[in-house]
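Undergrad: Shown below is the structure under consideration.
The values are calculated or read from the model by the stated rules, or taken from the named source; none is laboratory data. Because the structure is a prediction, the values reported are computed rather than measured. Note that we place each Cβ from the backbone using ideal geometry, even for glycine, and neighbour counts take in every protein chain shown.
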Amino acid sequence: MSLENVDFKKATIIDVRTPGEFSMGKVEGAINIPLDQVPTRIDDFKAIDGDIILCCASGGRSGQATMFLQQNGMTNVHNGGGWQMVAMQVM
């Protein structure tokens, strides 16, 4: 899904890196749900209204999480790529 029409400032940002990585730097206001927890927290994702942008260090893990959530019927999830690129869009 394209990020062209996504309002980064209104979207929920979820960082799928480990808590240790997240503590070293993050997008302001981002929620940390590590990739290995995504399958067990799918109801938390489904409870979020509006667009969800997933990020990680480089886009690989957020891409995996995006694909998993889309395969489980979610249409409002987007792979934002690396957290630093997402942070620039939120400013």
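Undergrad: Going by what's in this entry, would D36 be described as on the phi < 0 side of the Ramachandran plot and exposed (fewer than 10 other Cβ atoms within 10 Å of the Cβ)? Reasoning before the result, please.
TA: Values: on the phi < 0 side of the Ramachandran plot: yes; exposed (fewer than 10 other Cβ atoms within 10 Å of the Cβ): no.
For D36, the condition - on the phi < 0 side of the Ramachandran plot and exposed (fewer than 10 other Cβ atoms within 10 Å of the Cβ) - is not met.
Undergrad: Sticking with this one: Looking only at region 5-47, which residues are among the basic types (K, R) and in contact (Cβ under 8 Å) with a residue 40 or more places away in the chain? Can you show your working first?
TA: At the first step, the residues of region 5-47 found to be among the basic types (K, R) are 9-10, 17, 26, 41, 46.
Scanning region 5-47 gives K9, K10, R17, K26.
Undergrad: Any idea which of F68, F45 is among the aromatic types (F, W, Y) and farther than 14 Å from D15 by Cβ?
TA: Working: F45 fails: farther than 14 Å from D15 by Cβ.
Residue meeting the stated conditions: F68.
Undergrad: Kindly list the number of the only condition in (1) of a type in the set (D, E, K, R); (2) modelled with pLDDT of 95 or more; (3) surrounded by fewer than 16 Cβ atoms within 10 Å (Cβ to Cβ) that fails for E4.
TA: Of the numbered conditions (1) of a type in the set (D, E, K, R); (2) modelled with pLDDT of 95 or more; (3) surrounded by fewer than 16 Cβ atoms within 10 Å (Cβ to Cβ), the odd one out for E4 is (2).
Undergrad: Further question on the same structure: Going through region 1-34 one residue at a time, which ones are over 10 Å from W83 (Cβ atoms), of a type in the set (A, V, I, L, M, F, W, C) and under 10 Å from the mean Cα position of the chain (by Cα)?
TA: Within region 1-34, A11, I14, I31, I33 meet the criteria.
Undergrad: Could you check the chain for helices (runs of 4 or more DSSP H) lying wholly inside it with 1 or more residues that are among the small types (G, A, S)?
TA: The helices (runs of 4 or more DSSP H) meeting that bar are 19-23, 60-71, 83-90.
Undergrad: Also: Being small (G, A, S), loosely packed, with under 15 Cβ neighbours inside 10 Å and out of contact with any Asp or Glu (no Cβ under 9 Å at 6 or more places or on another chain), is that true of even one residue in region 61-70? Even if it seems obvious, please write down each step before you answer.
TA: So in region 61-70, the residues small (G, A, S) come out as 62-63, 65.
Among the residues that remain, those that are also loosely packed, with under 15 Cβ neighbours inside 10 Å are: none.
Within region 61-70, not a single residue is small (G, A, S), loosely packed, with under 15 Cβ neighbours inside 10 Å and out of contact with any Asp or Glu (no Cβ under 9 Å at 6 or more places or on another chain).
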